[in-house]
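The values are calculated or read from the model by the stated rules, or taken from the named source; none is laboratory data. Everything quoted here is computed from the prediction, not taken from an experiment. Here the Cβ positions follow ideal geometry from the backbone for every residue, glycine too, while neighbour counts run over all protein chains shown. All accessible areas refer to the heavy atoms of the entire protein, side chains included, with ligands and DNA or RNA removed. Shrake-Rupley method; radii C 1.70, N 1.55, O 1.52, S 1.80 Å.
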Amino acid sequence: MTDHRPRRSALYMPGSNPRALVKARSLHADVIIMDLEDAVAAGEKASARILAEQALIEGGYGERETVLRVNGMDTEHCAKDMAVLTNAKPDAVLFPKIIDGSDVLNAQKMLDNADPSGTIKMWLMLETPASVLNAAAIAGSEANRLSGLVIGTNDLAKDSGVSLDDERAHLLPWLMQYVAAAKANGLTILDGVSNALHGDETFQAECRQGRAMGMDGKTLVHPKQIDPCNRVFSPSAEEIAEAEAIIKAFHALENAAKGVISLNGKMVERLHLDMAKVTIAKAERL
């Protein structure tokens, strides 16, 4: 289940790049994903593993959540990646290419063996057409370490032939299935990366779309994307003011027993009060 830590921005950092791993300690991303998979060439896997392990042992990431993305469970690299956990303790391990519920249980078994303490959480990549069809089974798995889902939009588009153009319109039904599966099971869900690298309006529009769909944050591939992403996934001043007004209105003596009130020309129910409290709590955490 989600622990409500802010995960607005989750930046992939190549495990093979020691300068990037050091720089990540000063960036304003909520999550640092040390990547041993896609961002690392086959010949650099072993050295990336060592560098990521050293970075995690040294620490210095402050409040940032650290996540280690390992290679696929069907590769020769995954077991070696998991051995990093003997000495290094990220907050979570991100497993790619999860297809169905059996993959979830296999991932948890590997994590249980590598981390008998049970402290490291499990995140899963959803990036194949099969994972769309099996989203409910994946998110509803009995694996007790599962806390987050990460969407891999580029791989999903590649494997399906669905276009990422037209504001991802053709992909939206699949993305919403992922969101529904996550929310039904209390899991964090992060949107896929944007190929607009520098935080421009195209990138920000995709962030706004993800937030409107119910995503908790977005995965990033460039530090310039962090600040605009954080702004979009944070409550705005207007949202905070509206939430405070709703809370104040329901706390008024004349509304104490009411289930529905009128506020600024709008019907406001107690479910809106609950939502307002969530907004304020999120703003306070940030």
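Would you mind telling me the antiparallel percentage of the DSSP bridges in the chain, rounded to 5? Walk me through the numbers before you get to the answer.
On the way: 4 of 34 bridges.
Antiparallel bridges make up about 10 percent of those DSSP assigns within the chain.
Against the main long axis of the alpha-carbon atoms of the chain, helix 270-285 sits at an angle near 50°.
Could you put Met110, Met267, Met34 in order of accessible surface area, largest first, with the 1.4 Å probe and the full protein assembly present?
Numbers: Met110 50, Met267 125, Met34 0 Å².
Sorted descending by solvent-accessible area, the residues read Met267, Met110, Met34.
These residues, Arg285, Arg25, Arg7, go from largest to smallest accessible area, 1.4 Å probe, as Arg285, Arg25, Arg7. The heavy atoms of Lys23 offer some 110 square angstrom of accessible surface to a 1.4 angstrom probe. Counting 0.36 nm for each residue step from Asn106 to Glu269 and taking away their Cα separation leaves a gain of 54.3 nm.
Normalised radius of gyration (Cα atoms, divided by 2.2 N^0.38 Å) for region 92-148: 1.04. Axis of helix 101-114 versus longest Cα principal axis of the chain: the two differ by about 70°, to the nearest ten degrees. Computed with a 1.4 Å probe over protein heavy atoms only, the accessible area of Ser117 comes to about 80 Å². Would you indicate which of [x] -0.76, -0.99; [y] -0.89, -1.00; [z] -0.66, -0.90 is the value of log10 I(q)/I(0) by the Debye sum over Cα atoms at q = 0.11, 0.13 Å⁻¹ derived from the coordinates of this structure? Matching the structure shown: [z]. From the alpha carbon centroid of region 27-82 to that of region 99-130 is 16 Å.
Split the accessible area of region 165-207 by element, probe 1.4 Å, and carbon with sulfur accounts for 54%.
Straight-distance candidates among the lysines for linking to Lys23, with alpha-carbon spacing under 23 Å and chain neighbours fewer than 8 residues away dropped: Lys45, Lys89, Lys218, Lys224. Overall, the accessible surface of region 1-154 at a probe of 1.4 angstrom is composed of carbon and sulfur to the extent of 53 percent. For GluC sites (Glu not before Pro), the sites in region 49-112 that DSSP calls loop and that have at most 12 other Cβ atoms within 10 Å are Glu63, Glu76. Each residue was assigned an accessible area with a 1.4 Å probe, and for Asp166 the value is about 110 Å².
With +1 assigned to the C-beta of every Lys and Arg and -1 to the C-beta of every Asp and Glu, and no other charges, what is the dipole magnitude of region 139-268 about the Cα centre in debye, to the nearest 20? Mind dumping the intermediate values first?
Values: 12 positive and 17 negative charges, 71 e Å.
Dipole size: approximately 340 debye.
Per residue, how large is the accessible surface of the chain? Use a 1.4 angstrom probe and give square angstrom.
On the way: 13470 Å² over 286 residues.
Accessible surface, normalised per residue, equals 47 Å².
Could you state the angle between the C-alpha long axis of helix 237-251 and the longest principal axis of the C-alpha atoms of the chain, as a value from 0 to 90 degrees rounded to the nearest 10? The angle comes out at about 50 degrees. I want the antiparallel fraction of DSSP beta bridges within region 130-286, as a percent rounded to 5. That works out to approximately 45 percent antiparallel.
Two numbers describe the Cα atoms of region 21-82: Rg and Dmax, which are 11.9, 34 Å.
Around Arg270, what is the net charge, scoring Lys/Arg as +1 and Asp/Glu as -1 over all other residues with Cβ under 11 Å from its Cβ? Don't jump to the answer; show the numbers that get you there.
Working: positive: Lys258, Lys277; negative: Glu269, Asp274.
Taking every Cβ under 11 Å from that of Arg270, the sum is 0.
For region 153-233, the average shadow cast by the Cα convex hull is 5.1 nm², which is a quarter of the hull's surface.
Listed by chain and number, the aspartates and glutamates placed with their C-alpha closer than 16 angstrom to that of Lys277 are Glu238, Glu239, Glu242, Glu244, Glu269; residues fewer than eight positions away on the same chain are left out.
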